[in-house]
Amino acid sequence: MKKISELLGLKANEATQLGEKLNELLANYQMFYQNLRGFHWNIKGEKFFELHAKFEELYDDAVMKVDEIAERILTLGVTPYHTFTDYLKVSSIKEAKDLSDGVATTEATLENLSTLIKLERAILPLAEEAGDEGTLTLLTDYITQQEKVVWMLASSLK
């Protein structure tokens, strides 16, 4: 049986390289998701209701993206990371512990989103060079949506 990458019309080495970069993205999404859960649970203050709901919306979206990224990694013939040991080792996004203030949690979320967008943009040329339209489409859709969230969250801080 042919490798999955061959069935997709991709070179095996390029598919593997993309899968590894997507594993880095997956690790960052898992940390982003976990930070959002903590913010949702622990938010306090005058913006409680607004931010409690927003963080839930964002972590629901993040968990869907985690699944999509893991499935894309599998589609490329690579095994997705699935332990927090791997996530902590690979992720640029770090744990946000004991944050409950609206401004601090919003700023942390903006920083985390910025990290994700930069990583997604760094993967785009690799996917383009490999002719991997599936990864390109996935990431450009994410970036478009995330840019709007960044604008909205940044506007809420002014």
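Quick look at the values:
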{"item": "Rounded if a/c under 1.5, otherwise prolate or oblate - the stretch 80-158, Cα gyration tensor axes", "result": "oblate"}
{"item": "Rounded FRET efficiency, nearest 0.05, which uses the C-beta distance separating T16 from T144 and R0 of 35 Å", "result": "0.80"}
{"item": "Principal-axis tilt of helix 12-42 within the chain, Cα atoms, nearest 10 degrees", "result": "20 degrees"}
{"item": "Length released on extending from E46 to R121, taking residue separation times 0.36 nm less the Cα-Cα span", "result": "23.5 nm"}
{"item": "Acute angle (nearest 10 degrees) that the helix 102-130 long axis makes with the longest principal axis of the chain, alpha-carbon atoms", "result": "10 degrees"}
{"item": "The chain: angle of helix 48-75 to the longest principal axis, Cα-based, in degrees nearest 10", "result": "10 degrees"}
{"item": "Between the stretch 1-25 and the stretch 67-98, the Cα center-to-center distance that results, in Å", "result": "16 Å"}
{"item": "Contour minus Cα-Cα distance for K158 and T85 (0.36 nm per residue)", "result": "22.6 nm"}
{"item": "Listed pairs K11/K65; K89/K158; K54/K158; K11/K148 exceeding 29 Å between Cα atoms", "result": "K89/K158; K11/K148"}
{"item": "Where only alpha carbons of the chain are counted, the Rg and the Dmax (Å)", "result": "16.7, 60"}
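No lab work stands behind these numbers, since they all come straight from the coordinates. Since this is a predicted model, take the numbers as computed values, not measurements. We place every Cβ from the backbone using ideal geometry, glycine too, and count neighbours over all the protein chains shown.
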